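These notes are about the structure you will find just below.
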Amino acid sequence: MIETLTNLKNNRLKSSTAASAVTTEHTIRMKKLLGTLNTRQLRATEPLRASLDDIRNTEIKGKWWLVGASWAGVSAPVKPSVPEEQSVPAAYMSDDEDDTAMPDLLALARQHRMNTDIRRAIFITLLSSTDFTDAHTRLLKLRLKRSQEREIPRVLLHCAAAEANYNPYYTLVAKKLCAGHALKMTFTFTLWDYFRRFGEDDGNGAARDPDQSEDEDDEGMGTDIGWKKPAGLRKIVNLARLYAALVVSGSLTITIFKTLNWSYLQSPTKSFLEVFFTAIFTDTKGDKWQISSIFGGFADNVELVRGVLYFLKKRVKGGGVAASEDEARMVKRGAGTAIKVLEDILKKDIVGSDLS
């Protein structure tokens, strides 16, 4: 570097060896590029968009699509205006003229307050994928850092909760993501954050007001609804069914509820747990072996066993929130099996404590 500066000072930079080598290399590359221009093939794939009216009115408008032809300059007829109630907002339409039915996902991301580039990229990937496999592959291709990957479960849960009805697509993507331990833990931590928003106290005094809007506490994501309102109940149902499917598949376990104080549950949390356990028993169709495996997997946490047993006896064993009589029978049968498993665990714990 000192030698280059000295040559520049003495006006000898052009004659230096390094500079001449760089210049020669650039000259050779330019000659090769210019030499290939005569052999390149032009690929005119862009459509001309000449309509039938243009062909019929060649005497008036001219054959503007031909090279060297002139255009008469007659403007196209004005299209009749569309009634306001039938028009589609421009913010939700794509800029592509051939695909006017596609929503503008970037505008939709802004509407859902995806306030960072990472969140917007994840949001658009989830909503534009053809299926859950394609979504998982495209999420991996984003090549996010470990700290950035934590945004994937948060955005996914936000999208799943915002649906008008439960959408299994997000559950299938979540199952794929739970193959990694870090993302599995993020799903758990995000659920605990939802419980704090429901008004639960995690032991650190971090409870939130259940009626507080998500605009104020979800880092920009969400819409202004309280958890006790109808829209909030819809979100609770969607989230509860998603987590129930993850537990049934083995991606998560019921230890995700270990932070709850089962004696003082808030109303939104009770609704969540009712839907959750009802979905557990309907998804397993009351299968005794599968239910025993699910509810016997946290025998070492006696407090959680007692809390789940208390809740099942009080709010679920009668049928929970089943949508039909057949589902209610499955819930009753499944709840009976789960209660028996939990009671056996407590009996063994009592016997073990007496022997000790």
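Rule-based calculations on the coordinates, nothing more; no lab input. This is a predicted model, so every value here is computed, not measured. Don't worry about glycine lacking a Cβ; one is built from the backbone with ideal geometry, like all the others, and counts go over all protein chains shown.
Suppose R0 equals 56 Å; then what is the FRET efficiency for LYS258 and ALA50 from their Cβ-Cβ distance, rounded to the nearest 0.05?
Working: r = 68 Å, r/R0 = 1.22.
Efficiency computed from Cβ-Cβ geometry: 0.25.
For a distance above 20 Å, tell me the whole-number percent of Cα pairs in region 229-290 that qualify.
28
Could you list THR337, THR4 in order of exposure, starting from the residue whose Cβ has the fewest other Cβ atoms within 10 Å? Don't jump to the answer; show the numbers that get you there.
Working: THR337 21, THR4 12.
Ordered from fewest to most neighbouring Cβ atoms within 10 Å, THR337, THR4 come out as THR4, THR337.
Evaluate the distance, in nm, between pseudo-label points positioned 7 Å from the Cα of ASP201 and of GLU3 along their respective Cα→Cβ axes.
A separation of 7.5 nm, rounded to one decimal place.
Hey, rough spin-label estimate for ASP349 and THR58, points 7 angstrom out along Cα→Cβ, what's it come to in nanometres?
8.8
So if I take the centroid of the Cα atoms in region 228-286 and the same for region 128-183, what is the distance between those two points in Å?
19
For the pair ASN167/ASN11, report the inter-label distance in nm, with labels modelled 7 Å from Cα in the Cβ direction.
For ASN167 paired with ASN11, the spin-label model returns 7.0 nm.
Can you work out the FRET efficiency for the pair ARG143 and LEU34, with r the C-beta to C-beta distance and R0 = 45 Å, to the nearest 0.05?
Details: r = 37 Å, r/R0 = 0.82.
For R0 = 45 Å, the calculated efficiency reads 0.75.
For the pairs LYS184/LYS288; LYS9/LYS32; LYS175/LYS348; LYS258/LYS340, note any where the Cα-Cα span goes beyond 24 Å.
Numbers: LYS184/LYS288 26 Å; LYS9/LYS32 34 Å; LYS175/LYS348 33 Å; LYS258/LYS340 20 Å.
Pairs exceeding 24 Å: LYS184/LYS288; LYS9/LYS32; LYS175/LYS348.
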